[in-house]
There are 2 protein chains.
Amino acid sequence: MYEASVPVFTARLKALSGVLSEAERNAAERRIDPQVFLAARLAPDMFALTRQVQIATDHAKGAPSRLAGLAPPKYEDNEASFADLHARLARTVDYLETLSADDIDGSEDRAIELKIGGRDIAMPGMQYLLHFAMPNFYFHVTTAYDILRHNGVPLGKVVFMKGH
Amino acid sequence: MYEASVPVFTARLKALSGVLSEAERNAAERRIDPQVFLAARLAPDMFALTRQVQIATDHAKGAPSRLAGLAPPKYEDNEASFADLHARLARTVDYLETLSADDIDGSEDRAIELKIGGRDIAMPGMQYLLHFAMPNFYFHVTTAYDILRHNGVPLGKVVFMKGH
C-alpha cells in the first residue's frame, strides 16, 4: 500500500512541477502573462490550471494520510502564481516524506471515511486508493498538462512522465 | 500486483466506454458527425480521440500480460467508429478476465523488457506497473475525456469515474 501510494504521488508531483516550469518558460518566451495559463481551462465548466494543481495535491496528501489514519494537512488554497504552485507541490512532497511504509502498509482493509458531495461514504483502504484517490489524482495531473498543451506549451510525454 | 492492475484497468476501461457512449449521444443530439469527435485533439501535435483510446487499451492489455510473462494480444488498430472503439474496450475487458491473481501476484521483481522509442529498457514489475504503465494509461484515458469535454460533451467527473 505504501509503494502504491507515497512514491507514486511523489514522482507525479515532481513531474508536474517540471511541467509547470516548462509553462513558465514558455510564457516568458512568448511574452504571455503567466496568469493567462493559470486561469486557462479546457471548458467553461471545468477547473482552471491552478485549481487542477490544488486538487491533485489534495489527493496526494489526503490518500496516504487517511491510509495511515492521520488527518491530512490543511492548505489555504490561495495560490496565485506559478511560484505558489511550485511551493504547494514541494510542501506536499516534503509532507509525504514524513510518512513511512510502516504507517501505511497493512491498510488494505482500513475503513476510510469520506464526505463526497455532502454524503458520508466509507470504503476499505485498497478500494479507496486504487479506485478513488488514484483515478482522481491522475485526472487532475493529466488535465493540468492537457490545459498547457492546448495553450501551445511545447510539452511531450517525457515531460509528463519525468518532469524534464 | 493483481489488485493494482487488472481490476483497475477493467474499471477504467468500462468507465471510458461510458464516456464514449455519452459522446455518441451528444453527437446525435447536436447533429455532429461522430467522426468529428473521433478525430478531435487538444493540440495539433497530440493524438486524436481514437488513438487515445487505442493507446489506453494497449497499456491495459500490455501491463498485466507482461507481469504474467505473456505476450500481449496484438490488435490491428483499425478502429473507425465509436462502435469499433467500444468493441476494442470490451475485447480488452474480456481478455483481462482470462488473467488470474495467480498469474500476476508475485511479479514485483519480474524483469519487464520493453522497447521505448527504439531503445530496449528493462525494469522490475512493480516499477513498470506503478511508474510506467499506470501513468501512461491514465494519461490517455483522461485525455480522451478532456478532448470530449473541450468539444462540449456534457460529461462530469462522475462519468469519468463510473461511466454513467
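Using a 10 Å cut-off around each Cβ of peptide A:36-46, what is the average number of partner chain Cβ atoms that fall inside? So the per-residue partner count for this stretch is 3. Each part gets one Cα centre, and for the range A:90-136 versus the range B:3-37 those centres are 27 Å apart. Temperature 4 °C, viscosity 1.567 mPa s: under these conditions the Stokes-Einstein estimate for the range A:1-43, based on its Kirkwood radius over C-alpha pairs, is 107 µm² per second. Diffusion of the protein assembly as shown by Stokes-Einstein, at 4 °C in a medium of 1.567 mPa s and with Rh set to the Kirkwood radius over alpha-carbon pairs, works out to 64 µm²/s.
Just how large is the dipole of the range B:54-151 about the Cα centre, in debye to the nearest 20, putting +1 at every Lys and Arg Cβ and -1 at every Asp and Glu Cβ? List each step's numbers first, then the result.
Numbers: 9 positive and 15 negative charges, 57 e Å.
Dipole of the range B:54-151, to the nearest 20 debye: 280 debye.
Only helices enter the 222 nm calculation for chain A: every DSSP H run of n ≥ 4 contributes -39,500 (n - 2.57), and dividing by all residues gives -18000 deg cm²/dmol, rounded to 500.
In sequence order, the range B:31-36 has phi-based couplings of 6, 9, 4, x, 4, 5 Hz under the Karplus curve 6.51 cos²θ - 1.76 cosθ + 1.60, θ = phi - 60°, and Gly or Pro positions carry x. Evaluated at q = 0.25, 0.35 Å⁻¹, the base-10 log of the normalised Debye intensity for the range A:90-131, with identical point scatterers placed on the Cα atoms, takes the values -0.90, -1.03. A dipole drawn for the range B:85-164 from +1 and -1 charges on Cβ atoms has a positive end, and of B:GLY152, B:ILE112, B:TYR95 the residue lying farthest that way is B:GLY152.
In this structure, the amide hydrogen of B:ILE32, modeled 1.01 Å from its nitrogen in the peptide plane, lies closer than 5 angstrom to no residue at least 5 positions away or on a different chain.
Inter-chain Cβ neighbour count for A:134-142, averaged per residue, equals 6 (cutoff 10 Å, partner chain atoms only).
Each Lys or Arg adds one and each Asp or Glu takes one away; over the other residues whose Cβ falls under 13 Å from the Cβ of A:PRO34, this sums to -3. Each Lys and Arg adds +1 at its Cβ and each Asp and Glu adds -1 at its Cβ; summed about the Cα centre, the range B:1-119 shows a dipole of about 420 debye. Restricting the calculation to alpha carbons of the range B:7-121 gives Rg and Dmax of 16.1, 51 angstrom. Give, as a single signed number, the net charge of other residues whose beta carbon lies under 13 Å from the beta carbon of A:ALA60, with Lys and Arg counted +1 and Asp and Glu -1. So the surrounding residues net to +3.
Placing unit charges on the Cβ atoms of the charged side chains and taking the dipole of the protein assembly as shown about its Cα centre, the candidate lying farthest along the positive direction among B:THR50, A:VAL19, B:GLN35 is B:GLN35. The mean number of partner chain beta-carbon atoms within 10 angstrom of a residue's beta-carbon across peptide A:144-152 is 4.
Taking label positions 7 Å along the Cα-Cβ direction at both B:ALA80 and A:ALA90, the computed distance is 5.4 nm, reported to one decimal. Under 5 Å between amide hydrogens, built in the peptide plane, is the criterion, and for A:ILE112 it picks out A:MET123, A:GLY125 among residues at least 5 positions away or on other chains. Which net charge results for the neighbourhood of A:VAL6, defined as the other residues with beta-carbon distances under 10 angstrom from its beta-carbon, given Lys and Arg at +1 and Asp and Glu at -1? Net charge around A:VAL6: -3.
Converting phi to 3J(HN,Hα) with the Karplus coefficients 6.51, -1.76 and 1.60 and the offset θ = phi - 60°, the range A:108-121 yields 3, 10, 4, 6, 9, 10, 9, 10, 10, x, x, 9, 7, 10 Hz in sequence order, with x at every glycine or proline.
Taken together, the values in this text are just the output of simple stated rules run on the coordinates, not laboratory data. Please read all numbers here as calculations on a predicted model, not as lab measurements. Neighbour counts are summed over all protein chains in view; Cβ atoms, including those assigned to glycine, are modelled from backbone coordinates with ideal geometry.
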